[in-house]
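Visitor: Structure incoming, see below.
The values are calculated or read from the model by the stated rules, or taken from the named source; none is laboratory data. Owing to the predicted nature of the structure, the values given are computational and were not obtained by experimental measurement. Reconstructed Cβ throughout: ideal geometry from the backbone, glycine too, with neighbour counts over all protein chains shown. These area figures cover heavy atoms from the full protein model, side chains too; ligands, DNA and RNA do not enter into them. Shrake-Rupley method; radii C 1.70, N 1.55, O 1.52, S 1.80 Å.
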Amino acid sequence: MSDNSTHLLALDWGTSSLRAFLMQHGRIVDSRQSDHGIQHLPEAGVPGFEQALKAIAGDWVQRWPTLAMVASGMVGSAQGWREAPYVRCPANIGLLAQHPVRVPSGLGPDLAIAPGLLLDDHGQMPDVMRGEEIQIAGALSENPSWAARCCMVLPGTHSKWVLVKEGQLVRFSTYMTGELFAVLCQHSILGRLLPEDRGTRRALDRAAFELGLTEARRSCAGDLTHQMFATRTLGLTGRLPPAGLADYLSGLLIGSELVSGLAGAHEQEPMPLILIGEPALCQRYADALCYLGQPVAAVLGNTASSGLWNFALATGVLPPHT
């Protein structure tokens, strides 16, 4: 790698972690990760962001002092380095690139932060995303055929279901599935029957997981809180072993999300369904969708780097033929 060949530092900066990608010609040359998400900075305020950036990429910037920098995620939230106001749906990478927020990085080059997305249609509850829009842009840049019409699902603490049509993000819904699962396991009566080492990775109890999916599939409006309590009663009666209770609850909550999300995705006609995110969680969602009779077109990892590269090109941070 020559000293003139590297063009971009791309940062996927979330609540709990920070990922840095050194990129050239649209490809990752090197990558790093730290725990310095916006809630875990070395110190509060702007100095904390500057220190976190220097720790993860200071040597890169020292070697390439004119290195262009872009970032996406919660770093642009009201609790982040500087707020990048939401852009309204429908939107694509071109519209996002018209509204970057630039901040002094403390290392020389300014940092361009991508805005999030706001859905606020009349007669519907509003919704927001910050960071996922860049991952979706990355997925579309790598697979242009999906831009015509597809549904992209990003499982996580706050899962996103996103309708893409004619290259634009036109509608999306957020489900608090991951956060609800964690709260119920850690801070409710349901967690009292779970094994003490429940945070340890263990083999999936598929029968318990599928029981949760089955309950979600046959549920009626208002059933969910009753079905959640069964996590306790299935343990008290011995119908499920302690190690299977969390998988039942996982299946129930994921299944509830999938039933709702699929109903919204197929309001008009079937379309490709793409999963984006952490491999193990995406696999769990893919297994659940298969159980519910819904094929998945593709499962992708974190596509933020590709999205950030295209964001940098669209903003003019990078020359068009780098």
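Visitor: Output the peptides 247-256, 286-295 sorted from most to least packed, where packing is the average of other Cβ atoms within 10 Å over each peptide's residues. Provide the component values of the computation, followed by the final result.
Guide: Working: 247-256: 25.1, 286-295: 15.7.
Peptide ranking by packing, descending: 247-256, 286-295.
Visitor: Give the longest segment of the chain that steers clear of GluC sites (Glu not before Pro) in DSSP loops with at most 16 neighbouring Cβ atoms within 10 Å, not counting the sites themselves.
Guide: Details: sites that count: E43, E83, E166, E196, E267.
The longest such stretch corresponds to 84-165.
Visitor: Roughly how tilted is helix 279-291, in degrees to the nearest 10 and between 0 and 90, from the longest Cα axis of the chain?
Guide: It works out to around 40 degrees.
Visitor: About the Cα centre of the range 189-240, what is the dipole size in debye to 20, counting +1 per Lys and Arg Cβ and -1 per Asp and Glu Cβ, all else neutral? Walk me through the numbers on the way to the answer.
Guide: Working: 9 positive and 6 negative charges, 12 e Å.
In total the dipole reaches around 60 debye.
Visitor: Kindly work out what percent of the DSSP beta bridges joining two residues of the chain are antiparallel, to the nearest 5.
Guide: On the way: 34 of 50 bridges.
Approximately 70 percent, going by the DSSP bridge assignments.
Visitor: Work out the length of the dipole vector of the range 98-176 about its Cα centre, built from +1 on the beta-carbon of each Lys and Arg and -1 on the beta-carbon of each Asp and Glu, and round it to the nearest 20 debye.
Guide: Values: 6 positive and 8 negative charges, 16 e Å.
Charge dipole, the range 98-176, about its Cα centre: 80 debye, nearest 20.
Visitor: From the square roots a ≥ b ≥ c of the eigenvalues of the alpha-carbon gyration tensor of the range 244-322, which class results: rounded (a/c under 1.5), prolate (a/b over b/c), or oblate?
Guide: Values: a/c = 3.20, a/b = 2.00, b/c = 1.60.
Cα axes put the range 244-322 in the prolate bin.
Visitor: Determine the relative contact order of the chain: mean sequence separation of Cα pairs under 8 Å and six or more apart, normalised by residue count, in whole percent. Intermediate results must be reported in sequence, preceding the final value.
Guide: Working: 610 pairs, mean separation 57.4, N = 322.
Taking the mean separation of contacting Cα pairs over the length of the chain, I get 18 percent.
Visitor: In whole Å, largest first, what are the principal axis extents of the Cα atoms in the chain?
Guide: Largest first, the chain extends 66, 45, 38 Å along its Cα principal axes.
Visitor: If you bin every alpha carbon distance in the range 10-56 into 10 Å steps from zero, what whole percent lands in each bin?
Guide: 30, 49, 19, 2
Visitor: So how far apart, in nm, are the two label points at R27 and H40 if each is 7 Å from Cα heading toward Cβ?
Guide: Taking the simple label geometry, R27 and H40 are separated by 3.1 nm.
Visitor: Note the angle between two axes, namely the Cα long axis of helix 45-63 and the longest principal axis of the Cα atoms of the chain, as a number of degrees from 0 to 90, rounded to the nearest 10.
Guide: The answer is roughly 60 degrees.
Visitor: Could you work out what % of the accessible surface of the chain is carbon and sulfur, using a 1.4 angstrom probe and leaving DNA, RNA and ligands out of the count?
Guide: Details: 7850 of 15240 Å².
It is 51 percent, rounded to a whole number.
Visitor: Give me the extension gain from A78 to D59: residue separation times 0.36 nm, minus the current Cα-Cα distance, reported in nm with one decimal.
Guide: Values: separation 19, 0.36 × 19 = 6.84 nm, distance 2.86 nm.
This chain segment gains 4.0 nm when fully extended.
Visitor: Another one. Give me the one-decimal nm value for the distance between modelled label points at A297 and C220, 7 Å along each residue's Cα-to-Cβ direction.
Guide: Going from the A297 label point to the C220 one covers 3.6 nm.
Visitor: Evaluate E = 1/(1 + (r/R0)^6) for V259 and Q51, where r is the Cβ-Cβ distance and R0 equals 45 Å; express this FRET efficiency to the nearest 0.05.
Guide: Result of the calculation: an efficiency of 0.50.
Visitor: Enter the accessible area per residue of the chain (Å², integer; probe 1.4 Å; all protein chains in place). Let's see the in-between values first.
Guide: On the way: 15240 Å² over 322 residues.
Here the residues of the chain average 47 Å² of exposed surface.
Visitor: Rounded, prolate or oblate: which fits the range 141-236 when a ≥ b ≥ c are the square roots of the eigenvalues of the alpha-carbon gyration tensor, with rounded for a/c under 1.5 and prolate only if a/b beats b/c?
Guide: Values: a/c = 2.55, a/b = 2.07, b/c = 1.23.
Note, shape of the range 141-236 comes out prolate.
Visitor: Right, another one. Nearest 500 deg cm²/dmol is fine: what mean residue ellipticity at 222 nm does the chain get from its DSSP H runs of n ≥ 4 alone, each adding -39,500 (n - 2.57), divided by its residue count? Spell out each step's value before the answer.
Guide: Numbers: 9 runs with 120 residues, N = 322.
Rounded to the nearest 500, the figure is -12000 deg cm²/dmol.
Visitor: How tilted is helix 304-315 with respect to the longest principal axis of the chain? Cα atoms for both, answer in degrees (0 to 90, nearest 10).
Guide: The two axes meet at around 40 degrees.
Visitor: Name the shape class, rounded, prolate or oblate, that the alpha-carbon gyration tensor gives for the range 1-100, where a ≥ b ≥ c are the square roots of its eigenvalues, rounded holds for a/c under 1.5, and otherwise prolate holds if a/b is larger than b/c and oblate otherwise. Kindly include the intermediate steps, with their values, before the conclusion.
Guide: Details: a/c = 2.08, a/b = 1.14, b/c = 1.82.
Oblate shape, in that a/c is at least 1.5 and b/c is the bigger or equal ratio.
Visitor: Return the single residue from P100, P65, P279 with maximal mean-square fluctuation; model: Gaussian network over the chain, springs between Cα atoms under 10 Å.
Guide: Evaluated over the chain, the most mobile residue of the options is P65.
Visitor: Shifting gears a bit: Add +1 for every Lys or Arg and -1 for every Asp or Glu among the other residues with Cβ under 10 Å from the Cβ of L240, and state the total.
Guide: -1
Visitor: Top to bottom by accessible area (1.4 Å), largest first, where do D35, D12, D223 land? Mind showing how you got there, number by number?
Guide: Values: D35 115, D12 20, D223 50 Å².
The most accessible residue leads, giving D35, D223, D12.
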